[in-house]
Amino acid sequence: DNKVLFAFLPYFEVNGVPKLMDLLDEPVPGVGTYEDFNTIDWVREKSKDRDRHREITSKSKESTWALVNSVCDAFSGWLLMLLIGLMSGALAGGIDISAHWMTDLKEGVCLNGFWFNHEHCCWTSNETTFQERDKCPQWKSWAELIIGATEGPFAYIMNYLMYVCWALLFSFLAVTLVRAFAPYACGSGIPEIKTILSGFIIRGYLGKWTLVIKTITLVLAVSSGLSLGKEGPLVHVACCCGNILCHLFTKYRKNEAKRREVLSAAAAVGVSVAFGAPIGGVLFSLEEVSYYFPLKTLWRSFFAALVAAFTLRSINPFGNSRLVLFYVEFHTPWHLLELIPFILLGIFGGIWGAFFIRANIAWCRRRKTTWLGHYPVLEVLVVTAVTAVVAFPNSYTRTSTSELISELFNDCGLLDSSKLCNYDNANVTKSSNELPDRPAGNDVYTAMWQLSLALVFKMLITVVTFGMKVPSGLFIPSMAVGAIAGRLLGIGMEQLAYYHHDWAIFRGWCSPGADCITPGLYAMVGAAACLGGVTRMTVSLVVIMFELTGGLEYIVPLMAAAMTSKWVADAIGREGIYEAHIRLNGYPFLEAKEEFSHKTLAMDVMRPRRSDLPLSVVTQDGMTVEDVETMITDTTYSGFPVVVSHESQRLVGFVLRRDLTISIDNARQRQDGIVSTSRVFFTEYTPPQPPNSPPPLKLRGIMDLSPFTVTDHTAMDIVVDIFRKLGLRQFQTSLTFCPSFLQPLAGYYHKEGHSEARGSDSQPGPRLDPLQLML
């Protein structure tokens, strides 16, 4: 058997001449894989998958077992989506329950069981009153437990100290665990996931340790009271689940392009469990994070998001049969003239979004380039201390941000005990189903002052919080800023309509005794506007907010605010927060929304130029192993064009540096007689060798025989489109047959990507444009 002979005799003699075994007769471990902080070759990965699929299809006609294997292969994608949905939904439910309990732990403990949060502790109590429904004998504040007092200055100081101490403890544990076990668990994760989905390799970013530490520290960070949310990190958690589960299936474990299809679906799952919005999650993945999103991935994303939402609903983390804490329902229709304040909220959201992005990027750049970045634990503790000390006196900043948004979205009824709902109800009959606009009580005006202070505080503290070395999402803080601004505007409009209903703008649709203005709706529109201004989401944002409220009739106000916010923010700065952080970290990402404005040709940027050194090439039959190894050592390029000879530089193919290195090392181990003077051949047939010469090395199997080429007069905007839409790593120009941008930038790109992608806090060097990095 020739295969057995080849296994023990890598080459044999034909007429006394050594005959070489093609290394690709047996796969070489490592060939075709990618190094860390490198970019995948989408074309090659898709070609590998097509070849695998053809092989399975052809074998399925040969035997029953092969047919069963073919069916299992086709079904594996759906099974993987099911597992991702179940795992992500279960983790999200656990995170919600744990974060709710630990947030309440800062204020007190339940005597019936320390594992009960405040709400669950008082559910079964028969001693609560309507006015003080959140107080029950089973729940004890820390002042009551330690000094035996519930009121007075000493009780207030004790509760204050315990609140700050618990916040510092939670944040210290979070940042310590991140630094010690999983540095990739910090931040939101969405900028890195966008980069990974575009084809970049960041090993360990979606690994098992990252998943475990991110899940634990996300609970700690949210419970500490920092101005951050769990929604963005939940996308990272879901993608970690998808990446880990991919290893159960060979089709996804061995193909980077197929794995990214799964990660796109996992991103949709993350938003689905974060907001209870399966459709919005699919649209978020399509609009915001995915680089390659075929129709098959759309269907599977929808299925995975459905499974995740069903799993979260089965767990029921909030005890209200809802998937999110701030689910609300409005019943009052909006009037056309209300579009004016809705558009004003959109303008505010766009201005706030642009301000936040610039301020946050400036702070993060300062963190990278100064001593501040060398003390992440100290930074987290200082920000936590400031947040806790300032937040405790104000009831609207002391509570968790999700509960604050829930209260701001709420449509006031007669049974609401919130200060925002303390209206004068003297003329309201208890039998009425809809409450008319009423004069605001003193508590409402007090609440407005407190909300104004909370708005300023949230706007400032979020700038320095996002980007610290703890898991931190941006969705909830942005929504909180917009919800506060919207609620304040809504109350102002409500009181204006009540006291001046005879004005022309209110006449005809807001008569006395009618329910005209819904402040909670303004809060919802404001939340959408600010979130849109920061992230530049549009369609997915509107659908998410629609799924949160369940009201079809409020889509137009949400659309108006979201589009206005995006237009205003884009007029100030084109980048959203995630794109800005991608550029700050130096990740190679070609933004599909960005237009290439330079009027240049490929010949203007191709290498080498007249003043440069000659092009580094590999000849198809004229080099020895020593020549190839010397070229690899002396250069930092990611790959080399293969030409006929140095005299006739006709392009034959392209070979990657990594594949060359692995193949030569593997041949030295497996093939007897390979020495530095062995000839290297990329030709289909090996010419006869002299009798006493060392055995040659045939590497045609690792060469790309059909590299993409363009003419030297190709416009650069077309070149950019080729890179974006085909996901290429390099291509050649017909004039010089060289990788037109890869070689001169490869060493710099890998060096920069390695330091920045690991979160280096040293001063970065000069930056290349993301287009240059990719090219």
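I'm spelling it out carefully: the read-out is Rg/Rh (Cα atoms, Kirkwood Rh), the candidates are (i) 1.14; (ii) 0.96; (iii) 1.06, and one was derived from this structure. Which label? Checking each listed value against the structure points to (iii).
When each of the peptides 225-231, 47-53, 87-93 is scored by the mean number of other C-beta atoms lying within 10 Å of its residues, the order from highest to lowest reads 225-231, 87-93, 47-53. Ordering of 651-660, 568-577 by packing is 651-660, 568-577, highest average first (other Cβ atoms within 10 Å, averaged per residue). For the pair ASN69 and LEU295, a Förster radius of 25 Å applied to the C-beta separation gives a FRET efficiency near 0.50, rounded to the nearest 0.05. Of the beta bridges in the chain, as assigned by DSSP with both residues counted there, near 75 percent are antiparallel. In terms of packing, defined here as the mean over residues of other Cβ atoms within 10 angstrom, the peptides 186-193, 168-175, 338-345 line up highest first as 186-193, 168-175, 338-345. Near the amide H of GLY639, within less than 5 Å, lie the amide hydrogens of ARG657, all on another chain or at least 5 residues away, with H placed in the peptide plane. For GLY187, the residues 5 or more places off, or on other chains, whose built amide H falls under 5 Å of its own are VAL470, SER472. When segment 100-315 is described by a simple charge dipole with +1 on each Lys and Arg Cβ and -1 on each Asp and Glu Cβ, the residue from HIS100, ILE147, GLY207 located farthest towards its positive end is GLY207.
Dividing the alpha-carbon radius of gyration of segment 192-233 by the rule-of-thumb value 2.2 N^0.38 Å gives 1.36. Computed from Cα positions, the angle between helix 153-181 and the longest principal axis of the chain comes to roughly 10 degrees. Less than 5 angstrom separates the built amide H of VAL652 from those of VAL642, VAL643, VAL644, all sequence-distant by 5 or more or on a different chain. Here the spin labels are modelled as points 7 Å beyond Cα on the Cα-Cβ line, and at GLU151 and TRP449 they lie 2.1 nm apart. Computed over the alpha-carbon atoms, segment 203-305 gives an Rg to Rh ratio of 0.99, Rh here being the Kirkwood radius from the mean inverse distance.
Pairs exceeding 30 Å between alpha-carbon atoms, taken from LYS106/LYS566; LYS230/LYS368; LYS258/LYS566: LYS106/LYS566; LYS258/LYS566.
For trypsin sites (Lys or Arg not before Pro), the sites in segment 460-538 that DSSP calls loop and that have at most 12 other Cβ atoms within 10 Å are ARG507.
Take every pair of alpha-carbon atoms less than 8 Å apart whose residues are at least six positions apart; their mean separation over the length of the chain yields a relative contact order of 16 percent.
The mean of 1/r over all distinct Cα pairs in segment 100-315, once inverted, gives the Kirkwood hydrodynamic radius of 19.4 Å. A dipole drawn for segment 504-587 from +1 and -1 charges on Cβ atoms has a positive end, and of MET545, CYS510, ALA580 the residue lying farthest that way is ALA580. A dipole drawn for segment 100-315 from +1 and -1 charges on Cβ atoms has a positive end, and of LEU248, PRO278, TRP166 the residue lying farthest that way is LEU248.
Just so you know, all these numbers are worked out from the coordinates, no wet-lab data involved. Nothing here was measured: the structure is a model prediction, and the numbers come from that model. Glycine gets a Cβ as well: all are built from the backbone with ideal geometry, and neighbour counts include every protein chain shown.
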